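The values are calculated or read from the model by the stated rules, or taken from the named source; none is laboratory data. Everything numeric here is computed off the predicted structure, so don't read it as measured data. Ideal geometry is used to build each Cβ from the backbone, glycine not excepted, and the neighbour counts take in all protein chains shown. Surface areas here come from the heavy atoms of the whole protein model, side chains and all, with no ligands, DNA or RNA. Shrake-Rupley method; radii C 1.70, N 1.55, O 1.52, S 1.80 Å.
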Amino acid sequence: MTKEISLREDTIRQAGQPRAVWRFQPTPFVDGHRVAFAVGVFRHAPLPGESDTRECVIDVPDRWDVLSLGLVRMTEPSVEPDPMWTIVGVLPWDAQTAGGSS
């Protein structure tokens, strides 16, 4: 639930109730690395079209009985990415342009 919706007069959120129905606990860092999130894409989900030059495209098998899963990993500041996990390269996170704080 967005902040704007929760502040509306006719909101379904009850007073004192958090905006999210669950609390996300990120996976712990192990040796400075962790899985940030996973992306699963079924064969029928992608639509035909040109790729954005900013996208990282990973070839996956074109099979109806397979769910392709991509694990997005992150490191703590000043920890080098593990080359064993690097497939498409390092994507630096700029917290200031992403709306976060450093």
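Taking the average, over residues, of other Cβ atoms within 10 Å as the packing measure, peptides 44-57, 72-85, 5-18 rank 72-85, 5-18, 44-57 from highest down. Give the shape of region 1-81 as rounded, prolate or oblate, defined through the alpha-carbon gyration tensor: a ≥ b ≥ c are the square roots of its eigenvalues, a/c under 1.5 means rounded, and otherwise the shape is prolate if a/b is larger than b/c and oblate if not. It is oblate, given that a/c is not under 1.5 and a/b is not larger than b/c. Across region 46-54, computed HN-Hα scalar couplings (Karplus, 6.51 cos²θ - 1.76 cosθ + 1.60, θ = phi - 60°) run x, 9, x, x, 7, 7, 6, 5, 8 Hz from first to last residue, x flagging Gly and Pro.
Between amide H atoms placed 1.01 Å from N, distances below 5 Å from ALA36 occur with VAL72, ARG73, MET74, all of them 5 or more places distant or on a separate chain. In the context of the full protein assembly, PHE37 retains an accessible surface of approximately 110 Å², using a probe radius of 1.4 Å and ignoring ligands and nucleic acids.
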